[in-house]
Amino acid sequence: MVKLAPPNKLLPLGELVNERPELAVEPLEDLARQYPSDGQVLYALGLALLNVGDIQRAISRLEAAVKRERHMEDTIYHALSQAYSLAGMPAHAHRAATRAGLNPPPWQETLRGDWPEHAKLADLLEFEEARRDTLRPGPQASAALRKMQAFSRKFPAYRPALNVIGTALFSQGKFSEAREEITKVLRLDARNVHALLNLARIERLLGGVPAVEALREQVEAARKQDEGEEQVASGELALASIYLLMEDAGAARAALERHLEGQQGPQAREQAEASEEVQQIQERLERHEQFPDAPLMLPGELLPPLWVTRWQATPGKRMLAEIERDLLTIPGWFQGVEQGLTFEGKFFSGLLTTALVNPDQAAMPDGVTPAERLERLLARLAGGRGSLDGLVGVGQALQMLNLMPEDAVVRGPDGQELQALSLELVNEPLDIMNSRQDQKRHEQALGHLVAGRVEQAHAELAALAEKYPDLPSLRFNMINALAQSGRPGAEAEARQLTEELAGQYPHYLFPPARLALLAIHDGDFEGARRWLAWPRGLKKLHVLEYGYFQAVQGILNLYEGNLDSVKTTQDILRQLLDEDSMPLRLLHQEILKKAGEVAPDEALNLLERLE
């Protein structure tokens, strides 16, 4: 009898195969050793190996899988046809595609049209390995790029290699070198859509939308073959991306539909619709439909990927200096940037706004001074023309720079009021006792509380609170000790005292944040939102207080299923606080708690995105 892997072990790994295949390979290999006759395990392992570029091992596992899973023959043969093609085995690829019901053309026509006749299989495998590593972020990318450049010198007319080199150089922000490589491709084939896409990306950054629009005639010509036939489906997908860079939604949507219609059979179309690139294009088109004022390509989506990776790994003021330095090299990026930033995610739009609206900064390459850019951003904020998340990100950045008028009121697209304030975050305590001895007693009381000596902590804190009735932090810590005491009615009493404290000190954010957290745990999300309303007139805030307030906001988003907003909160907190700080630990605990309450596949997705 065939021993099959339990679904609860296999299904969560199946989610990783397409999204994070490098994480799926090892656990799937373990499953394959435990269940060597389970064809679904072998298929999932073969697909993961194919996605990470381990072609030969992928073929071995897929060939074994197809012998054991007859009811999945079409699906497995489809994957095998792709693997055989990558391994330079066109006859095998043709047979597998036929078995999958894809009705492929004669196998001789599946060969790469410009692959050099004297090239060997080892050359093709070398190209595929270098291509995979060159375009994958990590330390191996530079070495892989050098290999690809050496390969290109060996086969100078091989256009895919030149395109890969151009893409890699673009990712590093080396625009002139990237353009040189891409120009080589277009000299060989003026209608190579993949080269035109690479060129369009560069032109959009250097010259803006008009520079991409100048390529339209060449792009339209690329849609036709010599015989007047339509481009192959993969070319239509590249064309859709080019039209996005032109800000032409209609042409992009038409090219995307041609790409999907060009798939051979319903199964192939379904797989194409699930691909990351297709979904990304569809998301941008849907966003444009929802927000007609939003650009098809947001500023952050235009930037070289390695720039963003480097920025996020750079601390504090050095990060902003690097952002400013890099942005000054791409003058076309600034066209309409005020419009785009108000649709970016909170963290990213805030980061770029801080760099763009620096009072000490000279006029940007588009000739707009920081003061003029600030005026434009404020106008967009006041008009609510943007996504709520992006508006908040820009508003927070302007608050931190003390550039937003104190009485400015911003409304989001849904009419929600966003109070923009001049806010200073500090690390030193804002309420200090006038006795070192009392300060020491306070610290010892907190130590008792952390150690679980709740009654002792409560007694000390209550005595100090009576002595210093105007220090809200003392009263809040005393209330925390009361809530943890376990006495009958203590939790209700603590909640009532917290509400009184929140009413008496509206600018002290710990009490409303705690009340919001209690409301979340009660399932009262509307009540939590009321407690998390930002108070007007707040000037200065301790960084932990701000962090705790933001962490509870993140927890509310977590329970409402807004995982992108939770990730944004994590990014903000990690910029401000250590990983073991109280706000980040609180958010982490709630994420783990939530993961324990949902199905295994949902929990895996949650932890993959947020941990």
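The values are calculated or read from the model by the stated rules, or taken from the named source; none is laboratory data. Keep in mind that this is a model prediction, so the values were computed, not measured. As a convention, Cβ positions derive from the backbone with ideal geometry for all residues, glycine included, and neighbour counts pool all protein chains shown. When the accessible area is computed, the model is the full protein with side chains, heavy atoms only, and any ligands, DNA or RNA have been set aside. Shrake-Rupley method; radii C 1.70, N 1.55, O 1.52, S 1.80 Å.
Observations
- Selected residue (only one of Leu604, Leu577, Leu544 is in contact with a Leu (Cβ under 7 Å, 6 or more places away or on another chain) and in contact (Cβ under 8 Å) with a residue 24 or more places away in the chain): Leu577
- Residues (of a type outside the set (Val, Ile, Thr) and within 11 Å of Leu586 (Cβ to Cβ)) located in segment 550-562: Gln550, Ala551, Gly554
- Test for Gly250: is it exposed (fewer than 15 other Cβ atoms within 10 Å of the Cβ), modelled with pLDDT of 90 or more and either part of a helix (DSSP H, G or I) or among the aliphatic types (A, V, I, L, M) (or both): yes
- Helices (runs of 4 or more DSSP H) contained entirely in segment 377-496, each with at least 1 residues that are modelled with pLDDT of 85 or more, under 40 Å from the mean Cα position of the chain (by Cα) and of a type in the set (Gly, Ala, Ser): 472-483
- Test: residue in segment 590-606 that is farther than 26 Å from Leu16 by Cβ and not acidic (Asp, Glu): no
- Test for Leu517: is it open to solvent by 10 Å² or more (accessible area, probe 1.4 Å), of a type outside the set (Asp, Glu) and at pLDDT below 90: no
- The set of residues in segment 258-277 that are closer than 18 Å to Arg99 by Cβ, in contact (Cβ under 8 Å) with a residue 12 or more places away in the chain, outside any loop (DSSP other than H, G, I, E, B) and open to solvent by 50 Å² or more (accessible area, probe 1.4 Å) comprises Gln267, Gln271.
For (1) open to solvent by less than 20 Å² (accessible area, probe 1.4 Å); (2) touching a Pro at 6+ places or on another chain (Cβ under 9 Å); (3) modelled with pLDDT under 80, each residue gets a yes or a no:
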| residue | (1), (2), (3) |
| --- | --- |
| Lys3 | no, yes, yes |
| Pro7 | no, no, yes |
| Glu22 | no, no, no |
| Leu28 | yes, no, no |
| Leu31 | yes, no, no |
| Gln40 | no, no, no |
| Leu47 | no, yes, no |
| Ile55 | yes, no, yes |
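- Test result for Ile59, touching an Asp or Glu at 6+ places or on another chain (Cβ under 8 Å), touching a residue at least 24 places away in the same chain (Cβ under 8 Å) and either open to solvent by less than 40 Å² (accessible area, probe 1.4 Å) or not in a loop (DSSP other than H, G, I, E, B) (or both): no
- Considering segment 337-360, the residues that are small (Gly, Ala, Ser) and farther than 14 Å from Glu301 by Cα include one that is nearest to the chain's Cα centre (by Cα), namely Gly350.
- Qualifying residue in segment 525-533 (condition: assigned to a helix (DSSP H, G or I), among the aromatic types (Phe, Trp, Tyr) and closer than 19 Å to Lys593 by Cβ): yes
- Note on segment 152-163: residues that are under 13 Å from Asn192 (Cβ atoms), part of a helix (DSSP H, G or I) and open to solvent by less than 30 Å² (accessible area, probe 1.4 Å) total 3.
- Yes/no for Gly523 being open to solvent by less than 70 Å² (accessible area, probe 1.4 Å) and within 17 Å of Glu590 (Cα to Cα): yes
- Count of segment 497-514 residues which are within 20 Å of Leu544 (Cα to Cα) and either assigned to a helix (DSSP H, G or I) or open to solvent by 20 Å² or more (accessible area, probe 1.4 Å) (or both): 12
- Every condition in (1) in contact (Cβ under 8 Å) with a residue 24 or more places away in the chain; (2) within 30 Å of Ala97 (Cα to Cα) is met by Phe291 except one, and the failing one is (2).
- Wholly within segment 173-225, helices (runs of 4 or more DSSP H) carrying at least 2 residues that are of a type outside the set (Val, Ile, Thr) and in contact with a helix residue (DSSP H, G or I) (Cβ under 6 Å, 6 or more places away or on another chain): 175-188, 193-213
- Boolean, Leu558 is touching a strand residue (DSSP E or B) at 6+ places or on another chain (Cβ under 9 Å) and closer than 19 Å to Leu610 by Cβ: no
- Unmet requirement for Ile281, which otherwise passes all of (1) at pLDDT 90 or above; (2) over 30 Å from Tyr77 (Cβ atoms): (2)
- Just one of the listed residues (Leu341, Leu378) is of a type outside the set (Ser, Thr, Tyr) and either over 28 Å from Gln553 (Cβ atoms) or open to solvent by less than 30 Å² (accessible area, probe 1.4 Å) (or both), namely Leu341.
- Helices (runs of 4 or more DSSP H) lying entirely in segment 536-602 (those with 2 or more residues that are within 22 Å of Leu398 (Cβ to Cβ) and within 20 Å of the chain's Cα centre (by Cα)): 543-559, 563-576
- With respect to (1) of a type outside the set (A, V, I, L, M); (2) surrounded by 18 or more Cβ atoms within 10 Å (Cβ to Cβ); (3) closer than 22 Å to Leu49 by Cβ, the lone exception for Glu128 is condition (2).
- Each residue in segment 9-20 was checked for being open to solvent by less than 40 Å² (accessible area, probe 1.4 Å) and assigned to a loop (DSSP other than H, G, I, E, B), and 0 of them qualify.
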